[in-house]
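The values are calculated or read from the model by the stated rules, or taken from the named source; none is laboratory data. Source: prediction; values computed, not measured. Here the Cβ positions follow ideal geometry from the backbone for every residue, glycine too, while neighbour counts run over all protein chains shown.
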Amino acid sequence: MKIWITRPMTAAVEARARADFDVEIRDSTVPLNEAEMLRALRDFDVVVPTLGDLFSAEVFAKAGAPRCKLLANFGVGYNHIDVTAAQTAGVAVTNTPGAVTDATADIAMTLILMSARRAGEGERLVRAGQWQGWHPTQMLGLHVTGKRLGIVGMGRIGQAIARRCHYGFGMDVAYVARSDKQLEFPAQRAGSLTELAGKVDFLVVAVPGGAETRHLINADVLEAMQPSAHVINIARGEVVEQAALISALQTGQIGGAGLDVYEFEPDVPQALKDLQNVTLLPHLGTATEEVRSGMGAMALDNVAAFAAGAALPNPV
Ligand code: NAP
């Protein structure tokens, strides 16, 4: 059985992959191009793809009857794979839920705090040698403790963020999701996204990407927000309409934003870079050695189950 891992992985993941499987590990860190995706489907039994490897319906159509029978995605988000087209072509898809939850919630906290307390702007000031010393009205930001939090998508990561904000920062939590949640902390389900947007200090986006959630956070949602409120996006770039967000930040319609992901990633528009009231991270959600090794272990567990003819642990 031939396996293709489409990016270099942590040493622990590469060592296990080489010990357990007949594996080829691609040494490029950029997404597969179309020719490589066709090779993936035609020349390998299992592929471990990740973010940016765009296995679209067109790619499956061009590949014909694929040799590949499993895309064991490295990551919980799989909006880069057309799952219906994959299944129609006889290709199963798995992902790595859970392994990413705490690290991504931690990055959401980083962004909430950085955005509210103007940490990026302050850091730039110090590095530029322009800091003139402490004074009572220097760089006043938004107080975080005790504020109102709105979670858009109360799944694993949304709940981990809410838990941190409730227990750690004494915040009032409200949310929107497709279904009611049984939660161990107090949280109100809002009637609509615009209602939620209107009443919170931090609107945190934690829904999966894909056609269903594209531009969920649009001009209407941003317009409903208070001028002091912040948008935090740790989900997928296309969930927030980037042009509308830039305009809301430029006009002061909202107080700020913290972004880990971008609509046309890795392109970050100059208009965003020019703004002081936005914190820009390079998709760091799961970027720790332990977590990336945990994600790799989970992806390889799915490969191992497939090789053994057992049930896949994490089908999507
Ligand atoms: P999850 O457990 O499946 O949670 C997703 C939540 O979104 C669910 O509560 C779901 O509601 C809700 N939802 C889906 N569509 C919705 C809609 N149209 N309106 C409102 N709510 C909706 O997934 P997760 O593990 O928390 O991960 C969430 C996403 O985070 C991933 O898909 C991935 O794209 C992203 N992510 C980013 C990073 C990063 O590096 N920045 C890292 C990891 C994950 P129901 O429960 O009612 O269905």
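One residue is enough: does region 61-70 have a residue meeting the conditions under 21 Å from residue 264 (Cα atoms), surrounded by 15 or more Cβ atoms within 10 Å (Cβ to Cβ) and touching a Phe, Trp or Tyr at 6+ places or on another chain (Cβ under 8 Å)? Before you say what the answer is, go through the steps one by one.
Of all residues in region 61-70, those under 21 Å from residue 264 (Cα atoms) come to none.
Scanning region 61-70 turns up no residue that is under 21 Å from residue 264 (Cα atoms), surrounded by 15 or more Cβ atoms within 10 Å (Cβ to Cβ) and touching a Phe, Trp or Tyr at 6+ places or on another chain (Cβ under 8 Å).
Of everything in region 216-234, what is within 11 Å of the ligand (Cβ to nearest atom) and under 15 Å from residue 259 (Cα atoms)? Give them in sequence order.
217, 232, 233, 234
So the check is Cβ under 6 Å with 6+ separation or different chains; which pairs have a first residue in region 86-98 that's among the hydrophobic types (A, V, I, L, M, F, W, C) and a second one that's within 16 Å of the ligand (Cβ to nearest atom) and part of a loop (DSSP other than H, G, I, E, B)?
93/316
Out of 247, 293, I need the residue that is surrounded by 17 or more Cβ atoms within 10 Å (Cβ to Cβ), of a type in the set (Gly, Ala, Ser) and more than 13 Å from the chain's Cα centre (by Cα). Which one?
Values: 247 fails: surrounded by 17 or more Cβ atoms within 10 Å (Cβ to Cβ).
That would be 293, the only listed residue that is surrounded by 17 or more Cβ atoms within 10 Å (Cβ to Cβ), of a type in the set (Gly, Ala, Ser) and more than 13 Å from the chain's Cα centre (by Cα).
Condition test on residue 37, is it within 16 Å of the ligand (Cβ to nearest atom) and modelled with pLDDT of 95 or more? I'd like the intermediate steps shown before the answer.
Details: within 16 Å of the ligand (Cβ to nearest atom): no; modelled with pLDDT of 95 or more: yes.
Criteria not met by residue 37.
Looking at the structure I just gave you, is residue 180 within 16 Å of the ligand (Cβ to nearest atom), surrounded by fewer than 15 Cβ atoms within 10 Å (Cβ to Cβ) and modelled with pLDDT under 95? Don't jump to the end; show me each part of the working.
Details: within 16 Å of the ligand (Cβ to nearest atom): yes; surrounded by fewer than 15 Cβ atoms within 10 Å (Cβ to Cβ): yes; modelled with pLDDT under 95: yes.
The answer is yes for residue 180.
Within region 138-177, track down each residue that is within 15 Å of the ligand (Cβ to nearest atom) and of a type in the set (D, E, K, R).
Once the filter is applied, which keeps residues that are within 15 Å of the ligand (Cβ to nearest atom) and of a type in the set (D, E, K, R), region 138-177 yields 156, 163, 164.
Among the residues of region 115-127, is any more than 16 Å from residue 232 (Cβ to Cβ), among the hydrophobic types (A, V, I, L, M, F, W, C), away from the ligand (no atom under 15 Å from the Cβ) and out of contact with any strand residue (DSSP E or B) (no Cβ under 6 Å at 6 or more places or on another chain)?
yes
Can you say whether residue 201 is surrounded by fewer than 20 Cβ atoms within 10 Å (Cβ to Cβ), away from the ligand (no atom under 11 Å from the Cβ), modelled with pLDDT of 95 or more and not hydrophobic (A, V, I, L, M, F, W, C), as far as the supplied structure shows?
Working: surrounded by fewer than 20 Cβ atoms within 10 Å (Cβ to Cβ): no; away from the ligand (no atom under 11 Å from the Cβ): yes; modelled with pLDDT of 95 or more: yes; not hydrophobic (A, V, I, L, M, F, W, C): yes.
Taking the combined requirement at face value, the residue does not satisfy it.
Within region 63-99, restricting attention to residues that are of a type in the set (Val, Ile, Thr) and within 10 Å of the ligand (Cβ to nearest atom), which residue is farthest from residue 155 (Cα to Cα)?
Narrowing region 63-99 to residues of a type in the set (Val, Ile, Thr): 76, 81, 83-84, 88, 91, 93-94, 96.
Still in the list and also within 10 Å of the ligand (Cβ to nearest atom): 76, 96.
Values: 76: 12, 96: 14 Å.
Of everything passing the filter in region 63-99, 96 is farthest from residue 155 (Cα to Cα).
Given the structure, is residue 241 away from the ligand (no atom under 11 Å from the Cβ), surrounded by fewer than 22 Cβ atoms within 10 Å (Cβ to Cβ) and either at pLDDT below 95 or of a type in the set (D, E, K, R) (or both)?
Values: away from the ligand (no atom under 11 Å from the Cβ): yes; surrounded by fewer than 22 Cβ atoms within 10 Å (Cβ to Cβ): yes; either at pLDDT below 95 or of a type in the set (D, E, K, R) (or both): yes.
Against the criterion (away from the ligand (no atom under 11 Å from the Cβ), surrounded by fewer than 22 Cβ atoms within 10 Å (Cβ to Cβ) and either at pLDDT below 95 or of a type in the set (D, E, K, R) (or both)), residue 241 qualifies.
Could you count how many residues in region 259-281 are over 16 Å from residue 204 (Cβ atoms), in contact (Cβ under 8 Å) with a residue 24 or more places away in the chain and assigned to a loop (DSSP other than H, G, I, E, B)? Before you say what the answer is, go through the steps one by one.
Here is the first cut: in region 259-281, the residues over 16 Å from residue 204 (Cβ atoms) are 262-277, 280.
Now restrict to residues that are in contact (Cβ under 8 Å) with a residue 24 or more places away in the chain: 262-265, 269, 271-272, 275-277, 280.
Okay, now just the ones that are also assigned to a loop (DSSP other than H, G, I, E, B), so 262-265, 269, 275-277.
Number satisfying all stated conditions: 8.
So which of 255, 285 ends up being within 12 Å of the ligand (Cβ to nearest atom) and among the small types (Gly, Ala, Ser)?
Working: 255 fails: within 12 Å of the ligand (Cβ to nearest atom).
When all the criteria are applied, what remains is 285.
Just one of (1) within 15 Å of the chain's Cα centre (by Cα); (2) within 14 Å of the ligand (Cβ to nearest atom) trips up residue 279, so point out which.
That leaves (1) as the condition not met.
For the subset of region 288-316 comprising residues that are closer than 25 Å to residue 239 by Cα and touching a strand residue (DSSP E or B) at 6+ places or on another chain (Cβ under 8 Å), which member is farthest from the ligand (Cβ to nearest atom)? Walk me through it before giving the result.
Let us first name the residues in region 288-316 that are closer than 25 Å to residue 239 by Cα, namely 288, 291-292, 295, 314-316.
Keeping just the survivors that are touching a strand residue (DSSP E or B) at 6+ places or on another chain (Cβ under 8 Å) gives 295, 314-316.
Values: 295: 9, 314: 11, 315: 14, 316: 10 Å.
Checking each candidate, the answer is 315.
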